[in-house]
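Asks: This is the structure, below, for whatever I ask next.
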């Protein structure tokens, strides 16, 4: 599965039936690129949500694993946030 498709499917799942997320940003970098070191991808996912934004940064030598871990982390955080708001 392509990275874009993986991201789009996870974002659709996170946003389905909710209006608290206004947008999202995904940034994929390889800080070791050009340094002669093995690749260590860093993926930063930010959800712009009301009232507070949510972010996760994960690193892995496999870009797909780093992306999946970051998306899973923001999904967990938004789920917990929604549960806290629902309980009030």
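Asks: Cut-off is 10 Å between beta-carbons; in what order do 16, 81 appear when sorted fewest neighbours first?
Replies: Ordered from fewest to most neighbouring Cβ atoms within 10 Å, 16, 81 come out as 16, 81.
Asks: Please rank 5, 29, fewest neighbouring Cβ atoms within 10 Å first, as an exposure proxy.
Replies: 5, 29
Asks: Moving on. Using a Förster radius of 22 Å, what is the FRET efficiency between residue 53 and residue 4 based on their Cβ-Cβ separation? Nearest 0.05, please.
Replies: Rounded to the nearest 0.05, the efficiency is 0.50.
Asks: Further question on the same structure: Please arrange 43, 26 by counting, for each residue, the other beta carbons lying within 10 Å of its beta carbon, fewest first.
Replies: Going from sparsest to densest Cβ surroundings: 26, 43.
Asks: Over the chain, calculate the relative contact order: mean separation of alpha carbon pairs under 8 Å at least 6 apart, over the residue count, as a percent.
Replies: Dividing the mean separation by the residue count of the chain yields 23 percent.
Asks: May I have the convex hull volume per residue, in Å³, for the Cα set of the chain?
Replies: 87
Any read-out appearing in this document is the output of simple, stated calculations on the displayed coordinates, not a laboratory observation. On a predicted model such as this, the values are computed, not experimentally measured, just so you know. Glycine gets a Cβ as well: all are built from the backbone with ideal geometry, and neighbour counts include every protein chain shown.
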